Amino acid sequence: MHGLVFHALSRAPRRGAMRKIPKVKGEKDMRKILAIAVLFALATLFTTPVFASSVHLKGDHSKPAFTDNGLTLTGSGELAGLGFGDVLVNLSAVANPTGTCGNPGGNTFQAPGQNPAPVTVTGSVSIPGSEVKNGNTPFSVTTNSPTTPIPGAPDCPNSSWTEIITDMSFTSAVITVEQPPGNVVLTVSCSFSPATSNGAVPSTSVSCSSS
């Protein structure tokens with residue numbers, strides 16, 4: 001009898017003892033959702049490329065170097081402050097072309113001196129992200145040649161003549177840098193005074209601003 005009483009008392013909960021509350025199923029599900037969300041956030045953090053924040057021309061190259069190739073313009077320099085990812089460099093330039101008119105009968109050309117309307121030419125170069133080192137990469141981009149002969153020969157005696165552009169004197173240029181392509185991170189606008197002639201463009205005749 002005493003043994004039965006002792007056994008019953010030993011199984012009775014002690015006063016002040018904390019009961020274990022069974023975990024609710026919804027709580028377990030919530031913890032799983034939170035864990036998945038944390039893992040997803042970490043995966044996104046380590047797989048999303050770091051984009052550029054303050055791209056600029058490196059060092060003393062506050063303005064690009066330009067070369068007048070006759071019918072095209074080349075701009076070059078070195079970029080700094082880039083993030084990870086591919087880079088696209090675009091060059092747009094405006095020039096005063098010099099042209100000649102060809103007589104359709106004898107197919108002979110007049111002396112140079114025709115003055116076609118100003119022409120805009122563009123070009124671009126892609127730089128793989130693997131070539132960006134510590135946020136830096138050199139670049140060199142050249143415009144395409146203008147369309148020549150000029151359709152309709154507007155500066156010749158009539159549209160039956162042939163108008164050919166023989167030279168381009170550039171008056172301005174704009175370089176835009178995109179990283180990734182489609183996201184502009186730098187714009188460099190330059191003007192040339194006097195207009196360029198064939199060969200390297202003197203830095204003293206180049207004025208640029210960046211944004």
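Taking a spot 7 Å from the Cα of D155 along the direction of its beta carbon, which residues of the stretch 56-91 have an amide N less than 19 Å from it?
Counting only backbone N, you get 68-73.
At 7 Å along the Cα-to-beta-carbon direction for both N134 and T166, put a label point, then send me their distance in nm to one decimal.
5.0 nm
In whole Å, what are the extents of the stretch 63-162 along the principal axes defined by its C-alpha atoms, from largest to smallest?
61, 20, 18
Find how much the distance from S124 to N69 grows on full extension, using 0.36 nm per residue of separation minus their present alpha carbon separation; answer in nm with one decimal. Let's see the in-between values first.
On the way: separation 55, 0.36 × 55 = 19.80 nm, distance 1.60 nm.
In short, 18.2 nm is gained.
Convex hull over the alpha-carbon atoms of the stretch 116-211: what's its volume per residue in Å³? Please list the in-between numbers first.
Working: hull volume 13.1 nm³, N = 96.
Per-residue hull volume (Cα only) is 137 Å³.
Calculate one ³J(HN,Hα) per residue across the stretch 165-171 by plugging θ = phi - 60° into the Karplus curve 6.51 cos²θ - 1.76 cosθ + 1.60, and present them in order as whole Hz with x for glycine and proline.
7, 9, 7, 10, 10, 7, 10
Give me, ordered by chain and number, the residues 5 or more places off L186 or on other chains with an amide H under 5 Å from its own placed amide H.
V177
All of the numbers you see were taken from the coordinates with simple rules; none came from a lab. This structure is a prediction, so every number in the text was calculated from the model and none was measured. Glycine gets a Cβ as well: all are built from the backbone with ideal geometry, and neighbour counts include every protein chain shown.
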